[in-house]
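Enquirer: Structure below; questions to follow.
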């Protein structure tokens, strides 16, 4: 999937069974938009934002969390500031109130990716395609032997693209299972060559376990690559870029936006 059409986080967003919604979010909007999104953040979120040393990183965090709250509010038909989170042992956020809505957020440079699904946990990852002349050396430390062999055989700049394909797919899986980088990156194998369909080849040496995982590859904007991972099922993936121009109240059912 390359590029997403714009859509606002308006009231009444509907996420059906078997659907995954993925949103890209620009983290460098005008100052007025940063201020508007920041009004929904909780005290603990502002405390974390203010710990960032650089203003750029603070702004990226505020926009990312504000956009996440706006989207969750649209799905839950509430207000962004009313959304409450709890956190897993490694800091992964979940909705405080019990329910079947699952989400995951990733950010890199000036863009974030957010995935939503009803049911199982989801993992998403996005990476900015910065120059990586040492990508093969990094892969020798972290990737599996079969992945390293594939990467060695890819020429030129395509090698860097393959590296980021591999990295985002691995990160998306680890976020879906809640392990983060605590799990060894070489404990499973994924496809990475440019043009190859995204999938897991083996999981701890078992191809049958790997086959239960669903992956999707994204190019949400020029210079970025992303991935999602989720276990089981057949999924219809829909994607949008969050349009910050909408100012409707997500709790107002009369201002519903239909796709």
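Enquirer: So what's the angle, to the nearest 10 degrees on a 0 to 90 scale, between helix 55-76 and the longest Cα principal axis of the chain?
Expert: 70
Enquirer: Here is a further query. Counting only DSSP beta bridges with both residues in the chain, what percent are antiparallel, rounded to the nearest 5?
Expert: Antiparallel bridges make up about 80 percent of those DSSP assigns within the chain.
Enquirer: Please quote Rg/Rh for segment 70-195 to two decimal places, taking the Kirkwood radius as Rh and restricting both calculations to Cα atoms.
Expert: For segment 70-195, the value is 1.05.
Enquirer: Can I ask one more? Under a crude label model (7 Å from the Cα following the beta-carbon direction), how far is residue 201 from residue 81 in nanometres?
Expert: 5.2
Enquirer: A follow-up question, please. What is the distance in Å between the Cα centroid of segment 24-40 and that of segment 178-240?
Expert: 30
Enquirer: Name all residues of segment 97-112 having a backbone nitrogen under 19 Å from the label point set 7 Å from the Cα of residue 130 along its Cα→Cβ direction, giving them as ranges.
Expert: From segment 97-112, the list is 106-112.
Enquirer: Once you keep just the Cα pairs under 8 angstrom separated by 6 or more residues, what percentage relative contact order results for the chain?
Expert: Result for the chain is 29 percent.
Enquirer: May I pose another question? Please determine, in degrees from 0 to 90 and to the nearest 10, the orientation of helix 158-176 with respect to the longest principal axis defined by the Cα atoms of the chain, where the helix direction is its Cα long axis.
Expert: Roughly 60 degrees between the two axes.
Enquirer: A further question follows. In the P(r) worked out for segment 1-100, what percent of Cα pairs fall beyond 25 Å?
Expert: 22
Enquirer: Further question on the same structure: Computed FRET efficiency, Cβ-Cβ of residue 46 and residue 146, R0 30 Å: what is it to the nearest 0.05? Walk me through the numbers before you get to the answer.
Expert: Working: r = 45 Å, r/R0 = 1.50.
Here the calculated transfer efficiency is 0.10.
Enquirer: Here's something else I'd like to know. With the chain treated as a Gaussian network of Cα nodes joined by springs under 10 Å, which of 192, 68, 203 yields the largest mean-square fluctuation?
Expert: 203
Enquirer: OK, next. For segment 92-143, what does the relative contact order come out to in percent, with C-alpha contacts under 8 Å and a separation of six or more?
Expert: 27
Enquirer: For segment 175-215, take every pair of Cα atoms, bin their distances at 5 Å starting from 0, and report each bin as a whole percent.
Expert: 6, 22, 26, 31, 13, 2
Enquirer: If you don't mind, there's one more thing I want to ask. Would you mind getting me the FRET efficiency between residue 157 and residue 109? Use the beta-carbon distance for r and R0 = 30 Å, nearest 0.05.
Expert: Efficiency at R0 = 30 Å is approximately 0.95.
Enquirer: Ok, one more. Considering all alpha-carbon pairs of segment 1-245, what whole percent are spaced by more than 22 angstrom?
Expert: The share of Cα pairs beyond 22 Å in segment 1-245 comes to 54 percent.
Enquirer: Taking only C-alpha pairs under 8 Å that are 6+ residues apart, what is the relative contact order of segment 1-110 in percent?
Expert: That works out to 26 percent.
Enquirer: Where is the GNM fluctuation largest for the chain (alpha-carbon springs, 10 angstrom cutoff): 206, 243, 28?
Expert: 206
Read the figures in this text as sums done on the coordinates, not as results from a lab. Remember, it's a predicted structure, so these values are computed and weren't measured experimentally. Here Cβ is always computed from backbone atoms with ideal geometry, including for glycine, and neighbour counts include all displayed protein chains.
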